[in-house]
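The block underneath contains the structure these notes are about, expressed in structure tokens.
The values are calculated or read from the model by the stated rules, or taken from the named source; none is laboratory data. The model shown is predicted, which means the values in this text are computed figures rather than measured ones. Here the Cβ positions follow ideal geometry from the backbone for every residue, glycine too, while neighbour counts run over all protein chains shown. The protein model used for the area step is the full one, side chains on, heavy atoms only, and it has no ligands, DNA or RNA in it. Shrake-Rupley method; radii C 1.70, N 1.55, O 1.52, S 1.80 Å.
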Amino acid sequence: VAQEGSPPTETIPYVCQMTEAWKICAQEDECGLADAAVDFLQRLVEVHHSTQAMVTSVLGLEKTPAMDSFAESSMNSFILVAAVVLVMVPLISRRLGGLPPEDVEAESAKATAPPMRLLVITGALSMAIMANITVIVTTVASETSVALSGYVLAADCLGALAGLAIFRQLSMKHLKTAYQLSAITTILGNASYAWICQTSGSLVQLVLSRVITGLGAGCMYNTAMVMVHFAQGSSKTSYMVLYQFFVAMGVLLGPLIAAAGDLLPMSSLTTDAVAGLLMALWGLLLEVAILVILPEDISELEEQAGLTPDDIREPSAGEAMLQDYLHEYRRDKFQHLQGKGWSNGVALFMTLLVSAGIRMMQRLMWESGSVIAVANEFQWTSTEARYMYVAVVIAQAAAQLFFSSFIAGKYPDMTLLRSLELLQLVGVVLMFPLPSWMPFPQWARVAQFMAASVLAYCSNALWSGVLSSFFVKRTIQGPFSSKNLMVLNQGAIFVGIAFGCIISRAVEQLAPGCASLAALLLLGALLQLFISLVSISNISLDFVVLPLAILTGLAIATGALWPALGGTGASNVFTWHLVCMGLAWPFLGMWGYWSYKADALEGTYANRKYHMISMALLFVLMIAGYYAIWAAHQANGEGQFGGFEIKNGLPSISRGFARFAHVVVGYFVVLGTLAQVPAGVWKRQAIVSYGERVAEWHKTFGLFLLWGSLLAVGIGTWIDFNGAGGWPIWLKIGITTSVAGLASVVGMQKPS
């Protein structure tokens, strides 16, 4: 069989059968020949199984039903949460009035820069913190499965969030103490991780060691504040981008240190153990450097940077009051609204949260997913995949250095942001593998993936530096200061890293390859562009709300009519409940509501006409949709109240709480609409005929009906209406995200 070239997976069953046959013969074999044959064949089987186990362990691809189920639930849950938050928050920030304008006074201040010795220590510490994460990205799957390895990586972020609360309390005066504590956690965390890997410790022990390591990552707040504090005026953008170069170098050095485990002659230690010990050594050297190089008194460094006491002292009560007044005036002039300054600060922080989260989620999805993807796509070893990873990150580090030296600060931030977003999108699209029928050799496919990865990854990293500067320039006094902004920024980064690791590893557990990684990154890039257009560029929401309403309505209708998507087909009367209600509320209901908010209809009288037509059609479709569900329940002998019954004098729900909640909210919407529509007709007639306003409650009650309808749609999306789990998960997530986005703008006040 082996001579015929059969793969091992086909050969081994024959070997196993031969082994069993020889065992039977051995019972009557007196010369011992059969025993020797059995021993040989058993060793062959053991070698094969150990080889297969080694390959599986290196890549972490334990394809068991339980592990796949765990990976699928992790992927779906985290993608759903991320998508809903990333769509809702930008729209809510627009409800709050948008971002404050740039602080021109701060931008025109004199240019200062951090002293070289502080810059070197800050860079080395920032690199160590990032290397703590990436040093195990390419190897941690060998300690557990691909899906679980995402949680081990995320444990660093859990520790970082706890550390952030600690390091936030250490002001610039205690910078040396903060740096020392971070170095100590690097030593302790990595040393314990090395010991656990060497002794084959449990998953819980692995996670705890990474939490300890992650505690020191909270110091990223302090390193970022060094750039904010010491880099003033026109040099701020350049140094914020340089800070991202430090991050990029840390991302690069992690896998290189991990590779040392393969190269150093330490056969008695595992690869992860060697990497952990090297990182602990880095922490020790860093601790010594901090003690020797950094002074105890930070004022010495401030003097070297050219910062005067007036530049760094806290403003007096009178000066703070004057600054607050000037910022309030600046915001009010920007918005043409009085009393909305506080809401602009909230919008700024909310936009920062989702922007920092999505950019780091994107980067970690590539970093943690690309090694697994290329190993499966091109049949590479983990070492070869690691070299690809290092090459892309080297390109990113070079791009950061070039960008900070020659481009940052020389062009408007908005121009740079939009250009980098589009370049990232192009890179992600090019990352999809070429069709198998196209006659391209493997080296060309590898080159395509690497070039696309360089373009997408570098664009994302450069975008983050420009964006940080963009937000810092818009901070205001009080709770929305640059210090609080940096705390929030670091927290969002750690959450983004955790989400990126878990999602990408779960996807690669289920469908390892470049196509699944590219699809995941494409979703992230589109969400990133959406956040930028809505929150940063302030495009008209007409381009968001109306298309989102159309897509949601059509998605529900298509999903109901198309059996391939789990729909029950046009011949089933129940189908038309989904079709009619989907077109009635998410589509026509939102169009009718938005007719009074649309920028395109501002200053015209057409909005009343559009509102009336939309709501009239909605009423007709709603009645038809209710009849369809009533007829379906009647034909099946089911009750009309979602399984709610009175048994033995006690209420009970026989068909699940979700279905019952959907029915309760649905009846509120249907019965409310029966009162809302006549009131709307009466109100219009009174205005046209007598110029009087009646039924003033009509507007407010309409908002509650619209919110209720979207809630009913959101609940109904997850109901198993076909006995096979309902719609596919991707369609459920898409509809839920769209409905959440539409609900975010209901009740929005249009600025006058």
Unmet criterion (only one of (1) more than 30 Å from Leu467 (Cα to Cα); (2) without any contact (Cβ under 8 Å) to a residue 24 or more places away in the chain) for Trp585: (2)
Matching entry among Leu522, Leu561, Leu551 (being among the aliphatic types (A, V, I, L, M), open to solvent by 40 Å² or more (accessible area, probe 1.4 Å), under 21 Å from the mean Cα position of the chain (by Cα) and at pLDDT 95 or above): Leu522
The range 414-450 - residue that is of a type in the set (S, T, N, Q) and touching a Ser or Thr at 6+ places or on another chain (Cβ under 9 Å) and, of those, most open to solvent (accessible area, probe 1.4 Å): Ser419
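Filter the range 503-518 down to the residues that are touching a residue at least 40 places away in the same chain (Cβ under 8 Å) and open to solvent by 10 Å² or more (accessible area, probe 1.4 Å) and list them by number. Spell out how you get there, then give the answer.
Of the range 503-518, the ones touching a residue at least 40 places away in the same chain (Cβ under 8 Å) are 503-510, 512-518.
Scanning the range 503-518 gives Val507, Leu510, Pro512, Ala515, Ser516.
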Spans of helices (runs of 4 or more DSSP H) in the range 207-309 with at least 3 residues in contact (Cβ under 8 Å) with a residue 40 or more places away in the chain and open to solvent by 30 Å² or more (accessible area, probe 1.4 Å): 236-263, 271-293
Ile187 vs. criteria touching a residue at least 60 places away in the same chain (Cβ under 8 Å), in a helix (DSSP H, G or I) and open to solvent by 40 Å² or more (accessible area, probe 1.4 Å): yes
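Determine whether the range 383-400 contains at least one residue that is in a loop (DSSP other than H, G, I, E, B) and more than 24 Å from the chain's Cα centre (by Cα).
The answer is no, given that none of the residues of the range 383-400 is in a loop (DSSP other than H, G, I, E, B) and more than 24 Å from the chain's Cα centre (by Cα).
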Among (1) aliphatic (A, V, I, L, M); (2) buried (at least 24 other Cβ atoms within 10 Å of the Cβ); (3) in contact with a His (Cβ under 8 Å, 6 or more places away or on another chain), the one test that Ala128 misses: (3)
So Gln477, is it open to solvent by 20 Å² or more (accessible area, probe 1.4 Å), of a type in the set (S, T, N, Q) and closer than 19 Å to Leu522 by Cα: no
Flag for Tyr596 being open to solvent by 30 Å² or more (accessible area, probe 1.4 Å), more than 16 Å from Leu548 (Cα to Cα) and in a helix (DSSP H, G or I): no
Odd one out for Ser200 among (1) open to solvent by 10 Å² or more (accessible area, probe 1.4 Å); (2) in contact with an Asp or Glu (Cβ under 9 Å, 6 or more places away or on another chain); (3) of a type in the set (Ser, Thr, Tyr); (4) within 24 Å of Gly491 (Cβ to Cβ): (4)
Every pair of residues 6+ apart whose Cβ atoms lie under 9 Å, when the first sits in the range 522-533 and is over 12 Å from Ala82 (Cβ atoms) while the second is among the aliphatic types (A, V, I, L, M) and not in a helix (DSSP H, G or I): Leu522/Met431; Leu533/Ile539
Residue in the range 729-737 that is open to solvent by 20 Å² or more (accessible area, probe 1.4 Å), under 21 Å from Val85 (Cα atoms), in contact with an Asp or Glu (Cβ under 9 Å, 6 or more places away or on another chain) and in a helix (DSSP H, G or I) present: yes
Yes/no for Ser149 being touching a Lys or Arg at 6+ places or on another chain (Cβ under 9 Å) and among the polar types (S, T, N, Q): yes
Failed item in (1) modelled with pLDDT of 85 or more; (2) surrounded by 24 or more Cβ atoms within 10 Å (Cβ to Cβ); (3) touching a Gly at 6+ places or on another chain (Cβ under 6 Å), with Leu153 passing the rest: (3)
Some residue of the range 402-418 being at pLDDT 90 or above and of a type in the set (Asp, Glu): no
Hits in the range 415-439 (condition: without any contact (Cβ under 8 Å) to a residue 24 or more places away in the chain and under 16 Å from Gly513 (Cβ atoms)): Leu434, Pro435, Ser436
Matching residues in the range 438-495 - criterion: being within 25 Å of Ser370 (Cα to Cα) and of a type in the set (S, T, N, Q): Gln442, Gln448, Ser453, Ser459, Asn460, Ser464, Gln490
